[in-house]
Amino acid sequence: MSEIEIKAADGVQVIRLLRAEKKNSLTGPMYTAMSEALDAAERDDAIAVTVFIGSGGVFSAGNDINDFLRRAQVTAGGAASGTAGGIPSPSLDFIRRLPKVTKPMIAAVDGVAIGIGTTLLLHCDLVYATPTASLRTPFLDLGLVQEAASSVTAPARMGYPRAFEMICLGEPFGAERALEAGLINAIVPAEELEPTAIKAAKRLAAKPRQALMTARCLLRQNFPDLVAMIDAEAAAYQVLMVSPEAREAFTAFLEKRPPDFAKARAKG
């Protein structure tokens, strides 16, 4: 698809987001394309590493808001009829794949990385960023909760205080703060971002494959069942999507005004 470019060479698969006019916000078809690419890489012995790259000076602004709201409306209807749990979600399908990937993943981050743009990084083994990179997880501001097992991966990566600051306070982490927190490996100039990520990927691809995958697996053994955490977060997320506070948050976003959560709670 034109909004996602997937290429493979020299043992490296590159997933490039090409929706720069929408800040590389992700739609259902884009999630599906990325899921299929990860599955293909797992099956293909010629691919050793996957690299995620944005475009237009942006990594990803997270979920496409209109696509997300359409899903929220369907979920609300399903919740009323008791069928919401069976609604397919391309974003959740993609997120569930991340802990199951056995081959290294690398991210090259330029500009904003919001929502899944940040939680995806917590599943990557190497993350390179430009000085303009800004990581943010504004889930609570939308009346929702975190995703992609970031309840576990964020504290494990940067410690509980900073994880709480990012997830609950919604504090953005610039490149320097992200480096200090251990969210990224290095800050590089914009013109060196992609070459740096690809060079690291090729170095990994040249290593003994079985030893590489085994070493990665052993390094990740300190994580509990991330898929179970993803499902627990998703269950809470689904309930909150139809809450008065979430409705107020999205209404306020569309009306371009500050949300009034106290009023929403009173109505609820």
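The values are calculated or read from the model by the stated rules, or taken from the named source; none is laboratory data. For clarity, every value in this text was computed on a predicted model and none was experimentally measured. With ideal geometry, Cβ positions are generated from the backbone for all residues, glycine too; neighbour counts draw on all protein chains shown.
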Self-check item: Near pairs, Cβ below 6 angstrom, 6+ apart or cross-chain, from segment 139-154 (over 22 Å from Pro90 (Cβ atoms)) to any residue that is outside any loop (DSSP other than H, G, I, E, B) and polar (S, T, N, Q)
Solution: none
Quiz item: So which residues in segment 197-251 are small (Gly, Ala, Ser), in a helix (DSSP H, G or I) and in contact with a helix residue (DSSP H, G or I) (Cβ under 9 Å, 6 or more places away or on another chain), if there are any at all?
Solution: Ala205, Ala232, Ala234, Ala235, Ala246, Ala249
Quiz item: Does segment 91-108 contain at least one residue that is surrounded by fewer than 22 Cβ atoms within 10 Å (Cβ to Cβ), within 15 Å of the chain's Cα centre (by Cα), β-branched (Val, Ile, Thr) and at pLDDT 95 or above?
Solution: yes
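Restricting attention to segment 198-214, does a residue exist that is among the small types (Gly, Ala, Ser), exposed (fewer than 15 other Cβ atoms within 10 Å of the Cβ) and out of contact with any Cys (no Cβ under 8 Å at 6 or more places or on another chain)? Lay out the reasoning, then the answer.
Filtering segment 198-214 for residues among the small types (Gly, Ala, Ser) gives 200-201, 205-206, 211.
If we keep only those that are exposed (fewer than 15 other Cβ atoms within 10 Å of the Cβ) as well, we get 206, 211.
Checking which are out of contact with any Cys (no Cβ under 8 Å at 6 or more places or on another chain) leaves us with 206, 211.
Checked against the condition, which is being among the small types (Gly, Ala, Ser), exposed (fewer than 15 other Cβ atoms within 10 Å of the Cβ) and out of contact with any Cys (no Cβ under 8 Å at 6 or more places or on another chain), segment 198-214 yields at least one hit.
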Quiz item: Conditions: (1) over 25 Å from Pro131 (Cα atoms); (2) at pLDDT 95 or above. Asp225 meets all but one. Number of the miss?
Solution: (2)
Quiz item: Before we move on, is Val145 modelled with pLDDT of 95 or more, farther than 16 Å from Ser60 by Cα, in contact with a strand residue (DSSP E or B) (Cβ under 6 Å, 6 or more places away or on another chain) and buried (at least 16 other Cβ atoms within 10 Å of the Cβ)?
Solution: no
Quiz item: Quick one: how many residues across segment 217-259 are farther than 20 Å from Leu92 by Cα and β-branched (Val, Ile, Thr)?
Solution: 1
Quiz item: Is it true that Arg70 is within 20 Å of Gly115 (Cβ to Cβ), of a type in the set (D, E, K, R) and either crowded, with 17+ Cβ neighbours inside 10 Å or at pLDDT 95 or above (or both)?
Solution: no
